[in-house]
Amino acid sequence: MATSQQKTRSFISPGRYVQGAGALARLGEFIHAIGNTPLVLADDDVWGFVGESVESSLAAAELQARRERFNGVPSASEINRVVGVIEQAGADVIIGVGGGSTIDTAKSAGFLAGIRWVSAPTVASTDAPTSALAVVYTDDGEFEEYRFFPRNPDLVIVDSQLVANAPVRFLIAGIGDALATWLEARATSRANADTMAGGPPTELGTAVAKLSWDILWENALLALDAVRDHQVTPHLEKVIEANTVLSVLGFESGGLAAAHAIHNGLTAVPQTHGLDHGQKVNIGSLTQLVLEGAPSSEIREFVEFTARVGLPTTLTEIGLSPDDDATLKAVADAASVPGETIHNMPFAVTADDVVSAMRSTERLARRYRSGIGLPDPVPYTAPH
């Protein structure tokens, strides 16, 4: 019999979310209320185009920034190295500036060092900036574990012009990641399974997940056009919000299910290395729809829409083959280990079920793609 504690539901969120063109110029203003000795974590590429803005904004708030170089992979060794830098610098707040890997490292190191943490994403490619968890990889880029934190970032600040200036593939990946939010929250709600916020999903978490889905279907294609022109438009602002904050509120308090578990399984095979997070998640979403026995019209619409967005919808496009039994089995085994979120589905799922569903996505996706005149999928080759 469930206890009253098990029935408790939670909704969690960042302390403050700020978004808009030129928002990074206000970084110092908001940091001043959080800490006095900030440490900025950014890789060399990102620092090359935001460093001056970050330094001038902090200086205007009478804060001196120390910048530490991020080495590229959010691994345990890199996180521990940054903890040492925090302690040596006497920092009381760490600011992760850049993509999801940089920000996950900043959150993890900030938590271990016992200080506050802030996210300043330069792309809208994942919902990592806003979440109370980090994805940790091995030094070779293979998924290792989720790390969960007792709170979300104290501040998330998104400069929409930086997102508009970034390569369009980052926004495409963010759309793939965010579209999974509703599919997984819907499944978690049906199962009344636990969420990362604790306990079964809140109505608010589930509703926000659906809102994220609706915004993306209405605005994604026009937002991508805006990024191709490096313009900030209302459509882009809506998609940034869906990718960066609505998706997080939806998955943390609404629940994860098969799509992200299958993403994690895909990281276990070298063929998919080099793909963006959202590209692999999209294959997970499609596989989840097949596992659910979703109506053919729903699957067709998902394939057609995400293919138009530019997301992979076939195994071929992520470097796999439906005939490669050993690789598909390795993915499925990793996706269905005890404790994985695939077990939040409202029915039991085995590794064999995942293999069958993944294999069947190839033929159905090709058929639906051809129905809207898209060319045959281009095989993906992982970088060496």
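How big is the C-alpha Rg of the stretch 111-188 next to the rule-of-thumb value 2.2 N^0.38 Å, as a ratio? Output field value: 1.23.
Under 25 °C and 0.890 mPa s, how fast does the chain diffuse according to Stokes-Einstein, given a Kirkwood radius computed over C-alpha pairs? Answer in µm²/s, whole number. Value of D from the Cα-based Kirkwood radius: 117 µm²/s.
Under the classification rounded if a/c is under 1.5, otherwise prolate if a/b is larger than b/c and oblate if not, where does the stretch 284-355 fall, given a ≥ b ≥ c as square roots of the Cα gyration tensor eigenvalues? Oblate, because a/c is 1.5 or more while a/b does not exceed b/c. Were the residues from Q88 through T381 laid out at 0.36 nm apart, the gain over their Cα-Cα distance would be 101.3 nm. 3J(HN,Hα) couplings calculated from phi for the stretch 352-363 with the Karplus curve 6.51 cos²θ - 1.76 cosθ + 1.60 (θ = phi - 60°) are, in sequence order, 5, 4, 5, 4, 4, 5, 4, 4, 6, 5, 4, 5 Hz; Gly and Pro show x. Against the main long axis of the alpha-carbon atoms of the chain, helix 296-309 sits at an angle near 40°.
Shape analysis of the stretch 168-371 places it in the oblate category; the axes a ≥ b ≥ c from the Cα gyration tensor give an a/c of at least 1.5, with a/b not above b/c.
The phi-based Karplus calculation (6.51 cos²θ - 1.76 cosθ + 1.60; θ = phi - 60°) puts the 3J(HN,Hα) values of the stretch 214-230 at 5, 4, 5, 5, 7, 10, 4, 5, 6, 5, 5, 4, 4, 5, 4, 9, 6 Hz, whole numbers, x for Gly and Pro. Cross-link list K238/K280; K107/K329; K107/K280: which exceed 31 angstrom alpha carbon to alpha carbon? The answer is K107/K329. Relative contact order, percent, of the chain when contacts are C-alpha pairs under 8 Å separated by at least 6 residues? About 16 percent, as a whole number.
Taking only Cα atoms, what is the 0 to 90° angle, nearest 10, from helix 277-292's long axis to the longest principal axis of the chain? With rounding to tens, the tilt is 40 degrees.
Once the Cβ-Cβ distance between R9 and A33 is put in as r, and R0 is 35 Å, what FRET efficiency do you end up with, to the nearest 0.05? Once rounded, the FRET efficiency stands at 0.70. Farthest towards the positive end of the charge dipole of the chain, among the residues T341, A128, H263, is the Cα of T341, using unit charges on the Cβ of Lys, Arg, Asp and Glu. Taking a ≥ b ≥ c as the square roots of the Cα gyration tensor eigenvalues, the stretch 48-102 comes out oblate, since a/c reaches at least 1.5 and a/b does not exceed b/c. Contact order, relative form, for the stretch 178-235: 32 percent (alpha carbon pairs under 8 Å, 6 or more residues apart, mean separation divided by residue count). Dividing the Cα radius of gyration of the stretch 17-165 by its Kirkwood radius returns 0.93 for Rg/Rh.
Build a GNM of the chain with springs between Cα atoms under 10 Å apart, and of W182, W117, W217 the one that fluctuates most is W217. Grab the beta carbon distance between R300 and Q161, set R0 = 41 Å, and tell me the FRET efficiency rounded to 0.05. Once the sixth-power term is evaluated, E becomes 0.65. Working from Cα positions, state the angle (0 to 90°, nearest 10) between the long axis of helix 325-335 and the longest principal axis of the chain. Taking Cα atoms only, the helix is inclined about 50 degrees.
What is the list of residues in the stretch 103-122 whose amide nitrogen lies under 15 Å from a point 7 angstrom out from the Cα of F149, following Cα to Cβ? Counting only backbone N, you get 103-121. Comparing Cα centroids, the stretch 64-102 and the stretch 112-179 end up 14 angstrom apart. Backbone geometry of the stretch 39-52 corresponds, through the Karplus equation with coefficients 6.51, -1.76 and 1.60 at θ = phi - 60°, to 3J(HN,Hα) couplings of 10, 9, 9, 7, 7, 5, 5, 5, 4, x, 10, 10, x, 5 Hz, x marking Gly and Pro.
No value in this document is a laboratory result; all are computed from the given coordinates. No experiment lies behind these values; they were computed from the predicted model shown. All Cβ positions, even for glycine, are placed from backbone atoms using ideal geometry, and neighbour counts span all protein chains on display.
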